[in-house]
1. May I ask for the net charge around residue 275, where only other residues with Cβ less than 10 Å from the Cβ of residue 275 are counted and Lys, Arg are +1 while Asp, Glu are -1?
2. If you stretched the chain out fully between residue 310 and residue 254, how much longer would it get, using 0.36 nm times the residue separation minus the C-alpha to C-alpha distance?
3. May I have the pair-distance distribution P(r) for segment 278-377, computed from all Cα-Cα distances with 10 Å bins from 0 and rounded to whole percent?
Amino acid sequence: MANEKKDNLDGRRLMKNPDYYSVESDEAVFQMVKEFLEETVFGQPEACAEVAGPITRYLGELCDPNRPMYIGIFMGEPGVGKTEMGMAAAKIFDPLHPEQRLKVIDSSIFQESHDIHKIIGAPPSYVGYGDEPLITNDFLSRPNVLVFDEIEKAHPALHKLLLRVMDKARLDINGDDDSFDFMDMDKNMDGEEDLFFDPNILDFSQSIIILTSNIGSDKIRDIKSGKGTLGFISDRINNHQKDIQIAGVAAAENYWKHMPEFLNRVDSLVVFNSLTVEVVHKLFDKFLNQYYENQGEGGTLIMATDQLKEWVISQTDMNKAGRELKRKINKLIITPASEIKFKIPKGVPLIADISHDEPKRVIFWLSKSMVNSASKKR
């Protein structure tokens, strides 16, 4: 009877009931988490699998408490979903308020070694003393995602600080041997006496730490060839993905050649795939749906014709990938639609199309039957 009850449990209930956790359910939860990530981050199945693994282990209470949940370096061209993966993971920890479990930090703010105080807090008499640090124990007390965007733009002091986190999942700034030197982050890791200034210990054992990087993007663009009329590479890019992976790994190894221990401590180095035609079309639909969802109740649904979709994509520089596509959609579709949405009945969708008379102008259609139906309801 007990076995029958186990067999009837689905993955979601297993995630909430560790009493029923088993080898079989591990695989079921892994697939569920991976599929959830893939619904948000398109065209990156390998990266989704890398992140799904540690999340599954965490849900099964199988993570090493002396290491962060996961540390990964995500490489690739801008706009292919590296930072978006952080938001997708945060949604698993808190579907209603994922922003409370996610912190995206622009690594370019760490230009000097003393800028590290922005993360951990400045000592007395230093600029920034008394300011709340970017990372607090309150944030770390629950499963969380930390994204350091464009890690290559940071001072090496940040890399050394992250080495401490990778080793023991903790930053002990209370005076123990594992503490670090705020005054001289340029010293060797096994170097001299440290200066301690904060009694707190930051615990990163519940953290997914993602370091994004555009290192090697130029080489990746060189590998890509045969661009089509839509401004991005055709589906033949699949034949080049292996070369792109090799180029990305080589770029990372060259960048951190002076600090090989850094790469040795990360769980995985993932080179994100370039976007294919199919993925770009899925992103287009996703961005339009997000506009509708963000409006809340009574929002206006916008549906785009295939002709408009192809035209907008043709106007997009896909070397900048998803971000650039989203900007084009906002400029060419969302902004014009926002100007007329208040002139139509609530609940009536807009059909966005490209004008046949003026090929560079977006026009909107309304369904007569739906307008009549909405008018009767009023």
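Please treat every number below as a calculation from the coordinates, not as lab data. Owing to the predicted nature of the structure, the values given are computational and were not obtained by experimental measurement. Using ideal geometry, Cβ is built from the backbone for each residue, glycine included, and neighbour counts are taken over all protein chains shown.
1. Its environment carries a net charge of -1.
2. Gain in length upon complete extension: 16.3 nm.
3. Bins of 10 Å from zero give 14, 47, 30, 7, 1 percent of pairs.
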